[in-house]
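In what follows, a structure is listed as structure tokens, so that the remarks can point back to it.
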Amino acid sequence: MTFDSQPLFVSGTFRDFHGERDRVASHVFPALEEMLARLRIHVERVDLRIGVETVDLTDNHAKHELVLKVCLQDVRRCRPFLLVLVGDRYGWVPPVERARSACLEAGLAADPSEMSLTALEIEFGLFASIDPQRSLIYFRHLDYSAMTSVDAARFSDRVAAHAPHLPAAERAAALRGAERLDALKR
């Protein structure tokens, strides 16, 4: 019996979605695999949290560029099947020259200036897709009132922007992230 294979890309910031990504891997995908097996479809979870092998690269430029290229290649391979996890962090914003190079190679026409890796995944996977309705976006809403300020700052750029325990540069970057995240959510 032969199976068709369908990759599904899991997108979202790494630092704050460990629990959700673990749950998707341990509960959602096994159930999905069982359901699709009846249709002779094998679903492949593509979650770059597992990593991109960059050990052999000593140059940060090369590491960043490889991560971006692999990410966009995997998004293309999975399109239009994306599971996007959106919380209260904007995520890693790669150096613009490296992002431009990776976007150009992938054929993504958007200007990647100040775009996080997650925003690039959404732009390329959802908005550049011929069938974005086959993607799912999960918006997480947390109650920060019961968290310590350190924990809340780890999960939210807006909270981190006002966290006194963080250096001024990190607070400023968090504020920029919160503003970009608001725009991305809209």
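Which condition does Pro94 not pass, out of (1) under 19 Å from Asp182 (Cβ atoms); (2) out of contact with any strand residue (DSSP E or B) (no Cβ under 9 Å at 6 or more places or on another chain); (3) in contact (Cβ under 8 Å) with a residue 12 or more places away in the chain, if it passes all the others?
(1)
Does His61 satisfy the criteria of being at pLDDT 95 or above and open to solvent by 20 Å² or more (accessible area, probe 1.4 Å)?
Details: at pLDDT 95 or above: no; open to solvent by 20 Å² or more (accessible area, probe 1.4 Å): yes.
No; evaluated as a whole, the condition is false for this residue.
Rundown of residues vs (1) in a helix (DSSP H, G or I); (2) at pLDDT below 90; (3) touching a Leu at 6+ places or on another chain (Cβ under 6 Å); (4) of a type in the set (Phe, Trp, Tyr), yes/no style:
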site	(1), (2), (3), (4)
Ile122	yes, no, no, no
Gly125	yes, yes, yes, no
His165	no, no, no, no
Arg171	yes, no, no, no
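Which of the residues that make up the stretch 2-57 are on the phi > 0 side of the Ramachandran plot, open to solvent by 80 Å² or more (accessible area, probe 1.4 Å) and at pLDDT below 90?
Taking the stretch 2-57 and keeping what is on the phi > 0 side of the Ramachandran plot, we get 12, 40, 51.
Then drop every residue that is not open to solvent by 80 Å² or more (accessible area, probe 1.4 Å), which leaves 40.
Result: no residue meets the conditions.
I'd like the full set of residues that are within 13 Å of the chain's Cα centre (by Cα) and small (Gly, Ala, Ser), limited to the stretch 7-25.
The answer is Ser11, Gly12.
Collect the residues in the stretch 107-131 that are crowded, with 20+ Cβ neighbours inside 10 Å and of a type in the set (Phe, Trp, Tyr), keeping them in residue-number order.
Matches in the stretch 107-131: Phe124 only.
For the stretch 140-166, which residues satisfy the criterion of being hydroxyl-bearing (Ser, Thr, Tyr), free of Cβ contacts under 8 Å to residues at least 24 places away in the same chain and open to solvent by less than 60 Å² (accessible area, probe 1.4 Å)? Outline the logic, then answer.
Taking the stretch 140-166 and keeping what is hydroxyl-bearing (Ser, Thr, Tyr), we get 144-145, 148-149, 156.
Next, from what is left, pick out any that are free of Cβ contacts under 8 Å to residues at least 24 places away in the same chain: 144-145, 148-149.
The one that is hydroxyl-bearing (Ser, Thr, Tyr), free of Cβ contacts under 8 Å to residues at least 24 places away in the same chain and open to solvent by less than 60 Å² (accessible area, probe 1.4 Å): Tyr144.
How many of the residues in the stretch 68-79 are more than 12 Å from Leu126 (Cα to Cα), surrounded by fewer than 21 Cβ atoms within 10 Å (Cβ to Cβ) and at pLDDT below 90?
The number of residues fulfilling the criteria is 2.
The values are calculated or read from the model by the stated rules, or taken from the named source; none is laboratory data. Keep in mind that this is a model prediction, so the values were computed, not measured. Cβ atoms come from the backbone with ideal geometry, glycine included; neighbour counts cover every protein chain shown. Surface accessibility is based on the protein's heavy atoms, side chains included, excluding ligands, DNA and RNA. Shrake-Rupley method; radii C 1.70, N 1.55, O 1.52, S 1.80 Å.
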